[in-house]
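Step one of this worksheet: look at the structure below.
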Amino acid sequence: MLPRVTAAVTGSLALAAGLTACGGASTSADSKGGEKIVTVYSADGLKSEKGDGWYDKVFAEFTKKTGIEVKYVEGGSGEMVQRAVREKTNTQADVIVTLPPFIQQADGKGLLQAYKPQGSDKVNGADKAADGKWTSVVNNYFGFVHNKKELTEAPKTWEELLDGKYKGKLQYSTPGVAGDGTAVLVKAMHDFGGKEPALEYLKKLQANNVGPSSSTSKLAPKTDKGELLVANGDVQMNFAQSKSMPNLGIWFPAKDGGRPTTFALPYAAGLVDRAPHTENGKKLLDFMLGEEAQKLVSEVGGGFPARTDVKPTDANAVELTKLMTGVEIFEPDWSDIDKNLATYVDAWKSATGS
């Protein structure tokens, strides 16, 4: 998928397409003498094509209050990090938002500078870097989706997905490129008890897999339409999508004989090193972690607030709590995954012939 570029328009939820990541001169200058813009590179999931997503609401309000225009570039987590790496000699992004382990990868590649946004003291230690290089702005969990019309009852186990009825009707996004795709590998290694048994399973699953996808968000519409029966995703993105996709159901695979499991997959944001609009990037990070924006996370975005002191009681929050009931949440060894990600992805490619 080619990165999508849009701009939030002052005081409006309208989004203008086709702007470059660095274009659009402004006559208003920030305190550093730069333009009144801030460029965000982000994993998909928080912006809606209908203009009613969390990013849409928050960016529009931020622009209304500060006069700073938000320019937005979207792609897979790995794709956004790779783009930022290519641009290191001519930095374009001010803020980068990705899922783990790609935010750690961005830090390891020297893409981030330390900044602790206002409100970050209310974020759990596991959901932020101790040195301030990144902070979660929306909490989230890994999951799968199924077509509720064709599969009135969701599959329960990984093993069920090997059944012939899923041939050409199952797809997951590409590990190493998409954050949720990498999460498939992480969860399989946990549930099957290590890399080798996980790869042995994914090799078998490849017989039913449609093939690679750089974008996880594109799989939900296919599942809703019945082109796919099952696909990977994440709770926040899929919950938000389900409001306009009535056949979309969220579920969590278990290993045969085990409990359904998942792990936190937050949208983590960092200030880009040598960003062209550093001060504007700081203001946007502060705004995204502000109480006003955090209260909208479940109500508008279908996710979970990153701040522990914000406890929403809206209908979405109640439904999300119910969805997560009975699901075992584990914590991956992100330092190991960050260190060995390339090795794991290469092993996955070899096992699946991808």
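Brief remarks on what is shown
- Accessible surface of the chain [probe 1.4 Å, protein heavy atoms]: carbon and sulfur percent: 50 percent
- A simple count of charges around THR352, restricted to other residues whose Cβ falls under 10 Å of its Cβ and scoring Lys, Arg +1 and Asp, Glu -1, yields +3.
- Per residue solvent-accessible surface (Å²) - region 185-258, probe of 1.4 Å: 37 Å²
- Distant alpha-carbon pairs in region 117-191 (separation over 16 angstrom), percent: 65 percent
- Amide H within-cut-off set for GLU69, under 5 Å, with H built and near neighbours excluded: ILE37, VAL38
- Ranked by how many other beta carbons lie within 10 Å on average, peptides 213-224, 133-144, 251-262 from highest: 133-144, 213-224, 251-262
- Here the Karplus curve 6.51 cos²θ - 1.76 cosθ + 1.60, taken at θ = phi - 60°, turns the phi angles of region 250-259 into couplings of 9, 8, 10, x, 10, 6, 3, x, x, 8 Hz, with x standing for Gly and Pro.
- Residue-normalised accessible area of region 34-103, expressed per residue, 1.4 Å probe, Å²: 29 Å²
- Applied to region 296-304, the Karplus parametrisation 6.51 cos²θ - 1.76 cosθ + 1.60 on θ = phi - 60° returns per-residue 3J(HN,Hα) values of 8, 4, 7, 4, 9, x, x, x, 10 Hz, with x for Gly and Pro.
- Rolling a 1.4 Å probe over the protein heavy atoms gives region 300-341 an accessible area of 55 Å² per residue.
- Pairs of Cα atoms nearer than 8 Å and 6+ residues apart set the relative contact order; for the chain it is 23 percent.
- Share, in percent, of DSSP beta bridges within the chain that are antiparallel, nearest 5: 65 percent
- Vicinal HN-Hα couplings computed from phi for region 237-249 (Karplus, 6.51 cos²θ - 1.76 cosθ + 1.60; Hz; Gly/Pro x): 4, 5, 5, 5, 5, 5, 5, 10, 10, x, 8, 8, x
- Cβ-Cβ FRET estimate between ALA126 and THR91, R0 fixed at 25 Å, reported to 0.05: 0.30
- Extension gain for the segment ASP256 to ILE329, taken as residue separation times 0.36 nm less the Cα-Cα distance, is 24.6 nm to one decimal.
- Flagged links, alpha-carbon separation over 18 Å, of LYS133/LYS311; LYS128/LYS282; LYS116/LYS283: LYS133/LYS311
- Helix axis angle, 278-288 relative to the chain longest principal axis, alpha carbon, degrees: 60 degrees
- Anchor LYS57: aspartates and glutamates whose Cα lies under 20 Å away (excluding residues fewer than 8 positions away in-chain): ASP44, GLU49, GLU69, GLU74, ASP94, ASP286, GLU291, GLU292, GLU299, ASP314
- Net charge of neighbours whose Cβ lies under 13 Å from the Cβ of MET245, counting Lys and Arg as +1 and Asp and Glu as -1: +4
- Cα gyration tensor shape of region 121-246, rounded if a/c is under 1.5, else prolate or oblate by comparing a/b with b/c: oblate
- With N the number of residues in the chain, Rg(Cα) / (2.2 N^0.38 Å) evaluates to 0.95.
- Per-residue [θ]222 nm for the chain (sum of -39500 (n - 2.57) over DSSP H runs n ≥ 4, rounded to 500): -10000 deg cm²/dmol
- When the Cα convex hull of region 311-354 is projected onto planes of every orientation, the mean area is 5.5 nm².
- Alpha-carbon centroid distance for the pair region 232-269 / region 53-123, whole angstrom: 23 Å
The values are calculated or read from the model by the stated rules, or taken from the named source; none is laboratory data. Note that the structure is predicted; figures quoted are calculated from it, not measured. FYI the Cβ positions are ideal-geometry reconstructions off the backbone, even for glycines, and counts take in every protein chain you see. Ligands, DNA and RNA are excluded from the accessible area calculation, which covers all protein heavy atoms including side chains. Shrake-Rupley method; radii C 1.70, N 1.55, O 1.52, S 1.80 Å.
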